[in-house]
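Scroll down for the structure; my scribbles are underneath it.
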Amino acid sequence: MNKKIKLAFCLFKFFPFGGLQLDFANISKECVKRGYDVDVYTMSWDGDSPAGLNVHIVPVSGWSNHRRYLSFAQKVNELIQKKAYDAVIGFNKMPGLDLYFAADASYAAKMKRRSFFSRMTRRYRALMSLEAAVFSKDSKTQILTLSTWQTDFYNQFYQTAVDRFHILPPGISKACIPPADYDEVRAQKRKQLGVDPDKTLILMVCSNFKIKGVARAIRALSSLPADLLGQTALFVAGGDNPKSYQKLAKKNGVADNVTFLGARKDVPNLLMASDLLLHPASIENAGLVLVEALTAHLPVITTASCGYAFHVVDANAGFVIPSPFEQQALDAALLSVLTSRDADTFRDNAKAYIDRTDVFSCAQKAVDIIEKVAS
């Protein structure tokens with residue numbers, strides 16, 4: 001192409017440790033690498049700005065989140081109309097997008113399980129209008145999606161044409177691949193964490209403790225026999241408030257077994273220090289950490305509510321708890337992994353799966369599609 005491609009990226013908020021934000025950062029970096037001009041419109045930005053991005057903070061009105069989202073969508077569209085962009089890409093649902101990167105689960109699917117009265121609120125109407133702007137049959141927005149599990153729902157609920165969906169591979173950092181000095185990295189990180197070499201370390205990585213199932217994990221931990229519990233630790237890496245979960249751990253007699261690490265930048269090394277990834281989310285559009293764990297050759301226990309759970313099944317590298325969720329099923333899966341020889345088999349299977357599967361090129365494939373739309 002002779003003309004330099006000019007893009008507008010739109011997202012409500014940027015902060016360093018969210019899955020959506022990581023996808024945004026990787027895709028924007030790939031765009032900059034290819035020499036595109038990239039303007040970013042957001043309500044707030046927390047952290048360093050990647051080189052080559054022109055970040056615009058958009059002032060919005062409204063006290064509630066849904067009013068702020070509507071205000072942002074309106075103001076961004078007004079700003080975009082004044083400039084000649086080749087493509088407008090959204091990482092949150094809003095009108096006026098050429099492409100939407102579907103990192104979030106369907107709001108309509110979530111609310112379908114709620115009461116009638118919860119679907120009578122202004123918040124519901126606002127968020128449904130933003131989702132419909134992307135997925136309705138009259139919309140022209142192309143959709144970059146991380147998994148196929150919700151495509152049928154969108155097609156049934158909104159009559160979204162199937163050919164508007166573009167399935168992307170995961171975007172896993174190759175830093176998650178165990179290095180040649182894996183044993184040394186593992187031992188050093190466990191020492192930093194204060195974990196004895198013979199102790200079993202269970203890891204959770206999440207930024208929303210409620211949705212990602214931290215309470216479920218604590219209850220599963222408390223179900224272990226006393227001798228096994230004494231040799232097991234649960235570490236939770238993520239920036240959410242742990243206060244209520246610390247109380248729950250204390251109530252369930254496992255306060256000494258649960259450690260909240262806060263937001264972390266060393267997730268690959270945390271994975272290598274661990275023996276199992278636990279991710280019993282109630283809803284998760286993808287769940288990048290599931291594939292990160294497989295890449296680090298870790299067994300995984302997750303739920304069928306995660307879009308990337310199929311990777312665990314295809315790899316035969318752990319357990320997927322079926323829907324509707326039952327705590328006893330999670331308890332049994334955890335006990336099985338910790339007391340059987342399955343964990344070694346799961347590790348071998350995870351390695352074999354990653355060796356044969358593309359789990360690294362999400363950003364590159366996404367930008368290939370952006371380029372086609374922009375041209």
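The values are calculated or read from the model by the stated rules, or taken from the named source; none is laboratory data. Predicted, not measured: the structure shown is a model, and the values here were computed from it. We place every Cβ from the backbone using ideal geometry, glycine too, and count neighbours over all the protein chains shown.
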Practice item. Please verify whether segment 84-92 includes one or more residues that are modelled with pLDDT under 95 and part of a helix (DSSP H, G or I). Key: no
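Hey, could you check segment 324-347 for residues that are small (Gly, Ala, Ser) and surrounded by 12 or more Cβ atoms within 10 Å (Cβ to Cβ) and say which is nearest to Ile177 (Cα to Cα)?
The residue in question is Ala343.
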Review point. Does segment 129-155 hold any residues that are among the small types (Gly, Ala, Ser) and in a loop (DSSP other than H, G, I, E, B), and which are they?
Key: Ser136, Ser139, Ser147
Practice item. Only residues that are under 19 Å from Val76 (Cβ atoms) and either touching a Gly at 6+ places or on another chain (Cβ under 7 Å) or of a type outside the set (Asp, Glu) (or both): list them for segment 37-50, please. Key: Val38, Val40, Tyr41, Thr42, Met43, Ser44, Trp45, Ser49
Check your understanding: Scanning for something out of contact with any Leu (no Cβ under 8 Å at 6 or more places or on another chain) and modelled with pLDDT under 95, does segment 221-236 turn up at least one residue?
Key -> no
Practice item. Go through the residues of segment 66-83 one by one and say whether even a single one is of a type outside the set (D, E, K, R), surrounded by 14 or more Cβ atoms within 10 Å (Cβ to Cβ) and part of a strand (DSSP E or B). Key: no
Review point. Quick check, is Pro95 assigned to a loop (DSSP other than H, G, I, E, B) and either under 20 Å from Asn65 (Cβ atoms) or free of Cβ contacts under 8 Å to residues at least 24 places away in the same chain (or both)?
Key: yes
Check your understanding: Would segment 255-274 turn up any residue that is touching a residue at least 24 places away in the same chain (Cβ under 8 Å), among the small types (Gly, Ala, Ser) and surrounded by 21 or more Cβ atoms within 10 Å (Cβ to Cβ)?
Key -> yes
Practice item. Pull up segment 134-149, narrow it to residues that are under 23 Å from Val367 (Cβ atoms) and modelled with pLDDT under 95, then point me to the one that is surrounded by the most Cβ atoms within 10 Å (Cβ to Cβ). Key: Leu146
Practice item. Just name the residue that is modelled with the highest pLDDT out of those in segment 154-191 that are among the polar types (S, T, N, Q) and exposed (fewer than 12 other Cβ atoms within 10 Å of the Cβ). Key: Gln159
Practice item. Please specify each residue of segment 229-254 satisfying the condition of being hydroxyl-bearing (Ser, Thr, Tyr) and farther than 15 Å from Arg216 by Cβ. Key: Thr232
**Study point:** Some residue of segment 298-308 being in contact with a Gly (Cβ under 9 Å, 6 or more places away or on another chain), among the β-branched types (Val, Ile, Thr) and in contact (Cβ under 8 Å) with a residue 60 or more places away in the chain
**Key:** yes
Review point. For Pro268, all conditions in the list (1) within 18 Å of Ser207 (Cβ to Cβ); (2) modelled with pLDDT under 95 hold save one; what is the number of the exception?
Key: (2)
